[in-house]
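Below: one structure, written as C-alpha cells.
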Amino acid sequence: MDFSQRLQQISANPDALTQIGRGLEREALRITPQGGLSAQPHPAGLGSALTNKWVTTDFAESLLEFITPVSHDVDSLLTQLSDIHQFTYSKLDQESLWPMSMPCFVGKEDDITLAQYGSSNSGRMKTLYREGLKHRYGSVMQVISGVHFNFSFPDEFWQQLFGDQAEQERRDSVSDAYFGLIRNYYRFGWLIPYLFGASPALCGSFLNKSASELNFEQVGCGTYFLPNATALRLSDLGYTNHEQSSLKIGFNSLDQYLEGLQRAIRTPSEEFASIGVKVDGEYRQLNTNVLQIENELYAPIRPKRVAADGEKPSEALSRGGVEYIEVRSLDVNPFSPIGITADQVRFLDLFLTWAVLSPSDRMDDAELECWRDNWNRVVLDGRNPELLLKIGCNGERLTVQKWGQRVFAELEQVALAMDEAAGNDSYQQTIQRLKTWIDDPELTLSARLLNQIKQQEGIGRVGMDLANVHASAIKERDFAFYSQQEFEQEVEASNSRQTEIEQSDTLSFDEFLDDYFADLK
C-alpha cells in the first residue's frame, strides 16, 4: 500500500490518531541577573535531582531538565511543562533561565560544576559518566541545551495498520514500523532544523579548527554567525563525537541496531584510553570504549522502551521491542517561555505519522551518509534559496522549498485526517502557518533570532532580554494542571527516595561498577 491508502486505513478509527502519546524534556541553564552561568548548586527547593520525576539536572548542576509525563492532549502537555517551569522559578531566587540552545557567558571549563546526585552508587555513577564526558569532549560543549520529544502511537493505530496478530508478531511489526519511521526521519527530518532551528549564531568560544573553512561573520563583541545557518547546535561546532563517526549502526531492524550498539560499547578507543580510567585514585571516566554507556551515542532520533529497574536501554529494547521514539533535533525555541510551542508539537505529530505511513526502503551505510550530508547542508546554509539537497546518493537535486512543498502536500492530508478524528481544525491551521515558512525562510525561527542578534549586536543582549520576558510571563501565570502542593509533595518524596537508595547500597562503588560492566569483560 502507498501512503494515502495507509492513511485511509488508519483514519477508520479516530482513536488511532487522537490517542498519540507525547512527552517533553526541556533543558535550560540557570543564569545570574548579570547573565553569568550560575555557580550555585541545584536548588534544594526542587528536591532530589536523582529521583524527582519532574525536575532534574542534565550534565551540570546549573543545567536543569524539565520532564513531563506522557500526555494524549497537546494543550495538557504544554500546560504541564508550563507548571513545572512555574514551580521551578519559585525556587530560583534571583536567577532565570537562559532561553537559547547555545550558551554564552561561559568562562572556563572549570566554571561548570558537574551534576551531583548524592552518595548512592547509582548517583555517583551518573556523575562519573559526566566526568568522562568532560574529559572526552569538554564541559562547554555539554551544556548546549535542547528539547527532546518522546512520541508513541496507540494500540488502536497498530490494530488498524496490522490487524489481529499474536503478541510476538505484533511486537516485531511495531518495531519494524518504528525503524521505517527512523529511516524516513533521516531522509526528510532536515525539515525540523530548517523550520525550528534556533542556533544560527554562537559565541566565539565554540569556534574551533573545523570552523576555519566556514565563512563566519561577526556582530558585536564575540558573536559569530553564518548568514543562512539554522541550527549550529547540530553541526560539528555543537556537541559531536568524532570517535563515533566510524561506528556503523544501522536502522534496518531492531536486531541490526542492537548489534551495532553493543559493538560500540565494546569497541576500545585509543584516544579515550589516553585519558585513563582511574588516575591517582580518582576516576576520570567509566571505561575507555568509544561509548562509556549507551546514552553517549549521539543520534538525532532514538528507538526507546521504558526500562525496568536495573535494566539497560538495549536490554529493554531486546526484551519488549520499540515502545516509542525520542526526537532529539529540536533547538530550544527562544521565543517561547517553555522552549517549545503547540505548532511545533503538532508539526512533529504530523511529520512522524507521515514518516511511519510512507514507504521506507532499507538503507545502507553509504545512503545514510548521503542523507546526513543533507542535514549538514540545512544546518549550515538552510535558508539559502539556492541550496540544493540530494535525493539519496544518485537521485535528482531539489531546493529546500521544492522538496518542502512536496512533503507538505502529504502532511496536509495527515492534518485533515487528524482534525476530522478530533473534530476541529488545529492541525490544518498549523500546517498552513508553517507552509508559509517553507516559501519564506525569513519567517523561520533562525531568521527571526538572527535578525534580533544583529539589531542588538550580540547573543548576550538578546538572550538576557528574552530571559527576563519569559521569567515575568511564567511568574505571572497561575498553576493550571498541577498545584503548588503537588510539587512540594514530590520534592519531599524525591528526597526520601534518594535516602532509601543511598541506604540500600550493599556494594562498594568499585564493586558496583564491576558488576554493572561485567558483561563487557
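The values are calculated or read from the model by the stated rules, or taken from the named source; none is laboratory data. Bear in mind that the values here come from a model prediction, so they are computed numbers and not experimental data. Heads up, the Cβs are rebuilt from the backbone with ideal geometry, glycines too, and the neighbour counts pull from every protein chain shown. To get the accessible areas, we keep the full protein, side chains included, count just its heavy atoms, and leave off ligands, DNA and RNA. Shrake-Rupley method; radii C 1.70, N 1.55, O 1.52, S 1.80 Å.
For residues that are β-branched (Val, Ile, Thr) and assigned to a helix (DSSP H, G or I), scanning just the stretch 1-37, find the one that is farthest from the chain's Cα centre (by Cα).
Narrowing the stretch 1-37 to residues β-branched (Val, Ile, Thr): 10, 18, 20, 31-32.
Then keep just the ones that are assigned to a helix (DSSP H, G or I); that gives 10, 18.
On the way: 10: 28, 18: 23 Å.
By that ranking, first place goes to 10.
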Pairs only if they're at least six apart or on different chains, beta carbon under 8 angstrom, first in the stretch 475-502 and over 22 Å from residue 78 (Cα atoms), second of a type in the set (Lys, Arg) and at pLDDT 95 or above; list them, first residue then second. 494/53
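Restricting to the stretch 184-213, and then to whatever is in a loop (DSSP other than H, G, I, E, B) and touching a strand residue (DSSP E or B) at 6+ places or on another chain (Cβ under 9 Å), can you tell me which residue is most open to solvent (accessible area, probe 1.4 Å)? Lay out the reasoning, then the answer.
Step one: filter the stretch 184-213 for residues in a loop (DSSP other than H, G, I, E, B), giving 189-190, 197-198, 200, 207-208.
Remaining after also requiring touching a strand residue (DSSP E or B) at 6+ places or on another chain (Cβ under 9 Å): 189-190, 197-198, 200, 207.
Values: 189: 0, 190: 0, 197: 2, 198: 3, 200: 1, 207: 56 Å².
For the stretch 184-213, the residue satisfying everything is 207.
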Looking across the stretch 308-357 at residues that are free of Cβ contacts under 8 Å to residues at least 40 places away in the same chain and of a type in the set (A, V, I, L, M), the single one that is surrounded by the most Cβ atoms within 10 Å (Cβ to Cβ) is 316
Which of (1) crowded, with 20+ Cβ neighbours inside 10 Å; (2) not in a loop (DSSP other than H, G, I, E, B) is the odd one out, the single condition residue 51 does not satisfy? (2)
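For residue 136, state whether it is more than 22 Å from the chain's Cα centre (by Cα), of a type in the set (D, E, K, R) and buried (at least 17 other Cβ atoms within 10 Å of the Cβ).
Numbers: more than 22 Å from the chain's Cα centre (by Cα): no; of a type in the set (D, E, K, R): yes; buried (at least 17 other Cβ atoms within 10 Å of the Cβ): yes.
It is false that residue 136 is more than 22 Å from the chain's Cα centre (by Cα), of a type in the set (D, E, K, R) and buried (at least 17 other Cβ atoms within 10 Å of the Cβ).
Do we have residue 369 as of a type in the set (D, E, K, R) and either under 30 Å from residue 14 (Cβ atoms) or open to solvent by less than 10 Å² (accessible area, probe 1.4 Å) (or both) here? Walk me through how you get there before you give the answer.
Details: of a type in the set (D, E, K, R): yes; either under 30 Å from residue 14 (Cβ atoms) or open to solvent by less than 10 Å² (accessible area, probe 1.4 Å) (or both): no.
In short, no.
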Name, by its number, the condition in (1) under 19 Å from residue 150 (Cα atoms); (2) without any contact (Cβ under 8 Å) to a residue 40 or more places away in the chain; (3) in contact with a helix residue (DSSP H, G or I) (Cβ under 7 Å, 6 or more places away or on another chain) that does not hold for residue 73. (3)
So which of 26, 6, 30 ends up being open to solvent by 10 Å² or more (accessible area, probe 1.4 Å) and basic (Lys, Arg)? 6
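Being of a type in the set (Val, Ile, Thr) and touching a Lys or Arg at 6+ places or on another chain (Cβ under 9 Å) is the filter here; which residues of the stretch 321-352 pass it?
Applying the first criterion (of a type in the set (Val, Ile, Thr)) to the stretch 321-352 yields 322, 325, 327, 332, 338, 340-341, 345.
Of everything in the stretch 321-352, those that are of a type in the set (Val, Ile, Thr) and touching a Lys or Arg at 6+ places or on another chain (Cβ under 9 Å) turn out to be 322, 325, 327, 332, 338, 340, 345.
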So which pairs qualify, if the first residue must be in the stretch 168-180 and within 9 Å of residue 356 (Cα to Cα) and in contact (Cβ under 8 Å) with a residue 40 or more places away in the chain, the second must be polar (S, T, N, Q) and not in a helix (DSSP H, G or I), the Cβ gap must be under 6 Å, and the two must be at least 6 apart or on different chains? 180/360
Entirely in the stretch 55-169, the strands (runs of 3 or more DSSP E) that have 1 or more residues that are at pLDDT below 95 and not small (Gly, Ala, Ser): none
Residue check, residue 39 farther than 21 Å from residue 87 by Cα and either surrounded by fewer than 17 Cβ atoms within 10 Å (Cβ to Cβ) or in contact with a helix residue (DSSP H, G or I) (Cβ under 9 Å, 6 or more places away or on another chain) (or both): no
Hits in the stretch 473-487 - residues which are in a helix (DSSP H, G or I), open to solvent by less than 60 Å² (accessible area, probe 1.4 Å) and under 20 Å from residue 44 (Cα atoms): 487
Take residue 259 and tell me if it is open to solvent by 20 Å² or more (accessible area, probe 1.4 Å), out of contact with any helix residue (DSSP H, G or I) (no Cβ under 9 Å at 6 or more places or on another chain) and charged (D, E, K, R). yes
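Residues are listed down the side, and each one gets a yes or a no for (1) over 23 Å from residue 147 (Cα atoms); (2) open to solvent by 30 Å² or more (accessible area, probe 1.4 Å):
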| site | (1), (2) |
| --- | --- |
| 359 | yes, yes |
| 362 | yes, yes |
| 373 | no, yes |
| 379 | no, no |
| 382 | no, no |
| 389 | yes, no |
| 394 | yes, yes |
| 400 | yes, no |
| 406 | yes, yes |
If a residue has to be without any contact (Cβ under 8 Å) to a residue 40 or more places away in the chain and among the acidic types (Asp, Glu) to count, how many in the stretch 443-474 make the cut? 1
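Return the residues of the stretch 94-124 that are open to solvent by 20 Å² or more (accessible area, probe 1.4 Å), among the hydrophobic types (A, V, I, L, M, F, W, C) and on the phi < 0 side of the Ramachandran plot; say none if nothing qualifies. Before the answer, list the steps.
As a first pass, look at the stretch 94-124 and keep what is open to solvent by 20 Å² or more (accessible area, probe 1.4 Å): 94-95, 104-111, 113, 116, 118-119, 122, 124.
Checking the rest, the ones that are also among the hydrophobic types (A, V, I, L, M, F, W, C) come to 104-106.
Within the stretch 94-124, 104, 106 qualify.
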Within the stretch 411-421, restricting attention to residues that are open to solvent by 60 Å² or more (accessible area, probe 1.4 Å) and touching a residue at least 60 places away in the same chain (Cβ under 8 Å), which residue is farthest from residue 188 (Cα to Cα)? 420
Looking across the stretch 492-521 at residues that are of a type in the set (A, V, I, L, M, F, W, C) and surrounded by 12 or more Cβ atoms within 10 Å (Cβ to Cβ), the single one that is nearest to residue 120 (Cα to Cα) is 501
